[in-house]
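Student: Structure provided below as structure tokens; questions to follow.
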Amino acid sequence: MTKAIRIHETGGTEVLRWESVDVGAPGNGQVAVRHTAIGVNYIDTYHRTGLYPVPLPAVLGVEGAGVIEEVGPDVKDFKPGDRVAYAGGGPGAYSERRLVSTAVLLKIPDGISDRDAAAGLLQGMTVQFLIRRTYPVKAGETVLWHAAAGGVGLIACQWLKSIGVNVIGTVGSDEKAELAKANGCAHTIVYTREDFAKRVRELTGGEGVPVVFDSVGKTTWEGSLNSLKPMGLMVSFGNASGAVEPISVGQLAAKGSLFLTRPALATYVAKRPDLERAANELFDVIGDGSVKITVNQSFPLAEAAQAHRALESRGTTGATILLP
Ligand code: NDP
């Protein structure tokens, strides 16, 4: 038996229960991982509330790092003792030990800590696919990135700066603005008190930006569209403030023949070569110092509820991990 944070129904943080679970032995294509650190991601709160339904009961969490204790009968590429991390493959990470499919498993390079791997893999691969594949950014461009001081946001600010892209980042407070700037954000807008679309127009000489990376959702939707150039791309990739209301496609025409996409990491790394490319590119920018994973909050695994409360009340910056 192992201890885990499990939910039996969806709801507030009160549904998170610290329970004993039976993990079992790894089958074909699986390994048993003893976690050393577990990543906390906004998606964990969507699973908890039911915004993204998961079969119940469910151990939450989609990202972790640790050491392989046991491998399934047919597993050749991994062995007990390997230091590994994963981001995906379904919930189950908020656990001292779990079974993981080798399809999503990656070896952690020397020089990258378990904590950084657990904190940064999902958020970093998200930045990779967004800036390399959803909208391949070019040096000299100016882009708008919401929640720039968050987990995904701080990685994006650093990575984009390293390739010569000017980031206009929105943030919820002056302290977060300072942090985003220290991580490479060229301009910050405190969108809780400023009209960010108006400010984006001012900062771009009236033109607007070619792309908006919007993970805030409901409250920023309209302003994001209003920040785009004609034929710009709206990348709606999250719902921290709630899901975007149903839209009329005519809105895209009225606001300048805009493009819209709603991407998810799982689609972009579904094929093993794409997963490896995304992870290796991330490990490279961490390795050469362009991107530092900023773990600003850590909680004992048993206190995952505190982590969720901090994240949902906008009380965190950078990444958050749980320690078993
Ligand atoms: P963050 O650390 O960015 O936390 C969310 C941030 O959103 C908050 O800190 C806050 O920053 C901002 N925010 C704005 N309005 C609200 C609100 N009403 N309630 C709570 N937060 C609000 O989280 P992550 O880095 O884990 O994830 C960022 C986003 O990216 C999430 O929406 C997540 O779902 C999405 N995502 C999507 C993926 C995909 O594949 N599509 C993959 C990974 C992440 P501030 O105070 O500065 O406004």
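Student: Rounded, prolate or oblate for segment 39-135? Axes are the square roots of the Cα gyration tensor eigenvalues, ordered a ≥ b ≥ c, and the cut-off for rounded is a/c under 1.5. Write out the running numbers ahead of the final one.
Tutor: Details: a/c = 1.83, a/b = 1.19, b/c = 1.54.
Because a/c hits 1.5 or more and a/b fails to exceed b/c, segment 39-135 counts as oblate.
Student: Roughly how big is segment 189-251's charge dipole about its Cα centre, with Cβ charges of +1 (Lys, Arg) and -1 (Asp, Glu), in debye to the nearest 20?
Tutor: Working: 6 positive and 7 negative charges, 13 e Å.
Roughly 60 debye for segment 189-251.
Student: Give me the percent of DSSP beta bridges within the chain that run antiparallel, rounded to the nearest 5. Write down the numbers at each step before the final one.
Tutor: Numbers: 31 of 54 bridges.
If we restrict to bridges inside the chain, about 55 percent are antiparallel.
Student: Have a look at 225, 212, 313 and report the one farthest towards the positive end of the charge dipole of segment 209-324, computed about the Cα centre with Cβ charges (Lys/Arg +1, Asp/Glu -1).
Tutor: Of 225, 212, 313, it is 225.
Student: Shifting gears a bit: Order the peptides 211-223, 135-147 from the highest to the lowest mean number of other Cβ atoms within 10 Å of their residues.
Tutor: Values: 211-223: 22.0, 135-147: 19.5.
The most tightly packed comes first, giving 211-223, 135-147.
Student: Oh, and also: Give me the net charge of residue 169's neighbourhood, meaning all other residues with Cβ under 10 Å from the Cβ of residue 169; Lys, Arg count +1, Asp, Glu -1. Write out the running numbers ahead of the final one.
Tutor: Working: positive: 176, 181; negative: none.
Taking every Cβ under 10 Å from that of residue 169, the sum is +2.
Student: Here's another thing I want to ask about it. Full extension from residue 231 to residue 141: what is 0.36 nm times the residue separation minus their Cα-Cα distance, to one decimal in nm? Don't skip to the end; give the middle numbers.
Tutor: Working: separation 90, 0.36 × 90 = 32.40 nm, distance 1.51 nm.
Result: 30.9 nm gained on full extension.
Student: From the Cα gyration tensor of the chain, with a ≥ b ≥ c the square roots of its eigenvalues, which class applies: rounded if a/c is under 1.5, or else prolate if a/b is larger than b/c, or else oblate?
Tutor: Details: a/c = 1.92, a/b = 1.64, b/c = 1.17.
Verdict is prolate for the chain.
Student: Taking the alpha-carbon distance from residue 218 and a cut-off under 30 Å, which lysines remain once sequence neighbours fewer than 8 residues away in the same chain are dropped?
Tutor: Counting by Cα, and skipping residues close in sequence, residue 218 has these lysines nearby: 138, 161, 176, 181, 198, 229, 255, 292.
Student: Name the lysines eligible as straight-distance cross-link partners of residue 76: C-alpha to C-alpha under 22 Å, and not fewer than 8 places from it in the same chain.
Tutor: By straight Cα distance, residue 76 reaches 107, 271.
Student: Please list, in order along segment 75-84, the HN-Hα scalar couplings obtained from phi with the Karplus expression 6.51 cos²θ - 1.76 cosθ + 1.60 (θ = phi - 60°), rounded to whole Hz, x for Gly and Pro.
Tutor: Working through the residues one at a time gives 7, 10, 7, 10, 9, x, x, 5, 8, 9 Hz.
Student: Just name one of 294, 248, 134: the one whose Cα is farthest towards the positive end of the charge dipole of the chain (beta-carbon charges, Lys/Arg +1, Asp/Glu -1).
Tutor: It is 248.
Student: Can you give me the distance in nm between label points at residue 74 and residue 247, each placed 7 Å from the Cα along the Cα-to-Cβ direction?
Tutor: Result: 4.3 nm between the two label points.
Student: For the chain, what relative contact order do you get, as a whole percent, if you take Cα pairs closer than 8 Å and at least 6 residues apart? Spell out each step's value before the answer.
Tutor: Details: 717 pairs, mean separation 57.3, N = 324.
Computed value for the chain: 18 percent relative contact order.
Student: Measuring from centroid to centroid over Cα atoms, what is the spacing of segment 49-122 and segment 237-315 in Å?
Tutor: 18
Student: What FRET efficiency, computed as 1/(1 + (r/R0)^6) with R0 = 25 Å and r the Cβ-Cβ distance, is obtained for residue 195 and residue 132, rounded to the nearest 0.05?
Tutor: On the way: r = 31 Å, r/R0 = 1.24.
For residue 195 and residue 132, the calculated efficiency is 0.20.
Student: Pull up all non-local amide H partners of residue 23: gap of 5 or more, or a different chain, and H-to-H distance under 5 Å with H placed in the peptide plane.
Tutor: Here the answer is 2, since their amide H atoms fall under 5 Å of that of residue 23.
Student: Using the Karplus curve 6.51 cos²θ - 1.76 cosθ + 1.60 with θ = phi - 60°, work out ³J(HN,Hα) for each residue of segment 313-324 in order, rounded to whole Hz, and write x for Gly and Pro.
Tutor: 9, 6, x, 10, 10, x, 8, 10, 10, 10, 10, x
No value in this document is a laboratory result; all are computed from the given coordinates. What you see is a predicted model, and the numbers here were worked out from it, not measured in a lab. Quick reminder, even Gly has a Cβ in these numbers, built from the backbone with ideal geometry, and neighbours come from all protein chains shown.
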